[in-house]
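Asker: Sending over a structure as structure tokens; questions will come in a sec.
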Amino acid sequence: MIKLDISKGRVEDIRTALYPVRGLFHLLHHPGKYAGPILVSILKVIATSTVTIIPLLRYGYGPQQNLLSKIYQHMLEPKTSASFASAVATATAAVLCSVEVATLTVQLGLYFVGSIQDRLFDSILRERGGLPSSENTAGISEKVGGPAHNTDDLRDHVFLSPRSVAIVAAQLEDSWSSFLLRPTIFILTLPLNIVPVIGPATFIGIQALFRTGEAHKRYFNLYHWSKAQIHRRIDARFWQYYRFGLMATVLEMIPFAGYVFMYTNQMGAAMWAMDLHEQKLLEPKDD
């Protein structure tokens, strides 16, 4: 029986949420190396996003604000004044549009900009001496991630449960089902933003599940991890991965600054991957 030994070199859980910030500091310390490619990619994101964002802001905010005003007036009156309900509707519509704009920007960046994020990830691994050669990557992956094809110790999770979504996002499939999963869940959960405060927070928390799984997807790809190994790794450290994913998602949704965090978060993910790789925090052992 193979199980993961996480007793050696345990890292405090809070540190995983700081890796996106470490990625930003790494960019600030090496602007000459990274600023140029990131700037060119950001300009491409802006150009492709403008086509969608301008119509959304122009024609989406008004109807959403009117709809929310009617809903809140029905929910809040006569307990509160009409002006208060209108103010809450206006603020919620603004938050809703901001979330929509940020999510569209991230999606367009992921699907239409190119491989700059993978190149940034690879660059960090190269700096740390962790970029693998073609030889024996399978052996390395088994040393860190456990047996490639043994699924006896894998826990089953309810379909579309938080762990299930994160594991699917981390795996290396490029099928239509995995490609459509993220935008489908985005559309289905978007109405949550109608609920003040709690709604947007829940929406962001759900979207963060995808960033949770994607944190080390490039690492898994480079080291040829199998589905079983990826499942085992994400399942064992789900909450650490989720803290990283939540922080990265929040940063990427900051207007304008989110353009930069799309790339520095990837650099932070690579730094975290190399810390785990070097310290061998998830090595298998025999019972």
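The values are calculated or read from the model by the stated rules, or taken from the named source; none is laboratory data. Note that the structure is a prediction, hence the values are computed from the model and not measured. Methodologically, a virtual Cβ is constructed for each residue, glycine included, from the backbone with ideal geometry; neighbour enumeration extends over all protein chains shown. Just the protein is used for accessible areas: all its heavy atoms, side chains included, with ligands, DNA and RNA removed. Shrake-Rupley method; radii C 1.70, N 1.55, O 1.52, S 1.80 Å.
Asker: Tell me which helices (runs of 4 or more DSSP H) are completely within the range 185-287 and hold 2 or more residues being of a type in the set (V, I, T), or say none if there are none.
Answerer: Of the helices (runs of 4 or more DSSP H) lying wholly inside the range 185-287, those with at least 2 residues that are of a type in the set (V, I, T) span 198-214, 227-236, 238-252, 257-279.
Asker: Would you check which residues across the range 219-238 are open to solvent by 20 Å² or more (accessible area, probe 1.4 Å) and among the aliphatic types (A, V, I, L, M) and list them?
Answerer: L222, A236, listed by residue number.
Asker: Residues that are over 30 Å from R233 (Cα atoms) and either at pLDDT below 85 or open to solvent by less than 80 Å² (accessible area, probe 1.4 Å) (or both): does the range 18-30 have at least one?
Answerer: Within the range 18-30, one or more residues are over 30 Å from R233 (Cα atoms) and either at pLDDT below 85 or open to solvent by less than 80 Å² (accessible area, probe 1.4 Å) (or both).
Asker: Only one residue in K70, K44 is within 30 Å of P191 (Cβ to Cβ), open to solvent by 60 Å² or more (accessible area, probe 1.4 Å) and either modelled with pLDDT under 75 or charged (D, E, K, R) (or both), so which one is that?
Answerer: None of the others qualify; the one that does is K70.
Asker: A further question follows. Quick one: which helices (runs of 4 or more DSSP H) sit completely within the range 12-94 and have at least 3 residues that are closer than 30 Å to M262 by Cβ, free of Cβ contacts under 8 Å to residues at least 60 places away in the same chain and not charged (D, E, K, R)?
Answerer: 19-29, 31-76
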